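Let me begin by handing over the structure; questions about it come next.
The values are calculated or read from the model by the stated rules, or taken from the named source; none is laboratory data. Predicted model, so just to flag it, every value in this text is computed and none were measured. Glycine gets a Cβ as well: all are built from the backbone with ideal geometry, and neighbour counts include every protein chain shown. Surface accessibility is based on the protein's heavy atoms, side chains included, excluding ligands, DNA and RNA. Shrake-Rupley method; radii C 1.70, N 1.55, O 1.52, S 1.80 Å.
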Amino acid sequence: MKYDIPTPLQQEHEQLHEQLRQATRAGGEVGELAKTLAGLMHPHFVKEDRIALPPLGLLVALAHGDATPEMAGVLELTDQLEAELPTMLAEHRTIVEALQRLRDAAQRAGRGEIVEFAQQLMQHARTEEEVMYPAAILVGQVVRQRLGQPAPAKA
């Protein structure tokens, strides 16, 4: 079964990617810092799109009480997310540090739109950490419970 990332989350990531592309074209220190940020963010976004966001596509069905055997496939994603969560949070810290450098350079250069983008992306990271990642993990826990599957052994 394929688990689709909810459309609003897809659109938000696309918008952030586009804003980052624009920032990389700013030139000077701002453009260079944006390019560094893009290098940090790309593999992180790929990982999110692979394991962290697809489970959220089951939220509506689970909220309505639905549970089907096909949903068991999501457990591979949510178990992987739980295992990789410390690494993903460390990546966020590195990304936020790069965003702070970009924001500061953009302020010095009078690039208000890039300052706003950096602040928006820092807030996005907090939303992922405090809402989306925990929700994705809960999806796995609910699916496991409803389908009567045992919890994975902790390493």
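When you scan region 29-42, do you find a residue that is modelled with pLDDT under 95, more than 16 Å from Leu138 (Cβ to Cβ) and not hydrophobic (A, V, I, L, M, F, W, C), even just one?
yes
Continuing with this model, one more query. Please indicate, with yes or no, whether at least one residue in region 68-80 is β-branched (Val, Ile, Thr), assigned to a helix (DSSP H, G or I) and free of Cβ contacts under 8 Å to residues at least 24 places away in the same chain.
no
Now, a different point. Looking only at region 1-59, count how many residues are closer than 23 Å to Arg103 by Cβ, assigned to a loop (DSSP other than H, G, I, E, B) and either without any contact (Cβ under 8 Å) to a residue 40 or more places away in the chain or open to solvent by 40 Å² or more (accessible area, probe 1.4 Å) (or both).
Residues meeting the conditions: 2.
One residue is enough: does region 61-81 have a residue meeting the conditions modelled with pLDDT of 95 or more, within 18 Å of Met41 (Cα to Cα) and not aliphatic (A, V, I, L, M)?
Looking for residues that are modelled with pLDDT of 95 or more, within 18 Å of Met41 (Cα to Cα) and not aliphatic (A, V, I, L, M), one finds none in region 61-81, hence no.
Let me ask something else. Tally up the residues in region 61-93 that are hydroxyl-bearing (Ser, Thr, Tyr) and loosely packed, with under 14 Cβ neighbours inside 10 Å, please.
Narrowing region 61-93 to residues hydroxyl-bearing (Ser, Thr, Tyr): 68, 78, 87.
Okay, now just the ones that are also loosely packed, with under 14 Cβ neighbours inside 10 Å, so 68, 87.
So the count comes out to 2.
If you take the residues in region 94-110 that are small (Gly, Ala, Ser) and touching a residue at least 24 places away in the same chain (Cβ under 8 Å), which one is surrounded by the fewest Cβ atoms within 10 Å (Cβ to Cβ)?
Ala109
How about region 118-146: which of its residues are farther than 26 Å from Gln100 by Cβ, touching a residue at least 12 places away in the same chain (Cβ under 8 Å) and open to solvent by 50 Å² or more (accessible area, probe 1.4 Å)?
Of everything in region 118-146, those that are farther than 26 Å from Gln100 by Cβ, touching a residue at least 12 places away in the same chain (Cβ under 8 Å) and open to solvent by 50 Å² or more (accessible area, probe 1.4 Å) turn out to be Gln141, Arg146.
Looking at this structure, is Asp104 of a type outside the set (A, V, I, L, M), part of a helix (DSSP H, G or I), over 19 Å from the mean Cα position of the chain (by Cα) and closer than 27 Å to Pro43 by Cβ? Can you show your working first?
On the way: of a type outside the set (A, V, I, L, M): yes; part of a helix (DSSP H, G or I): yes; over 19 Å from the mean Cα position of the chain (by Cα): yes; closer than 27 Å to Pro43 by Cβ: yes.
When the stated conditions are applied, Asp104 passes them.
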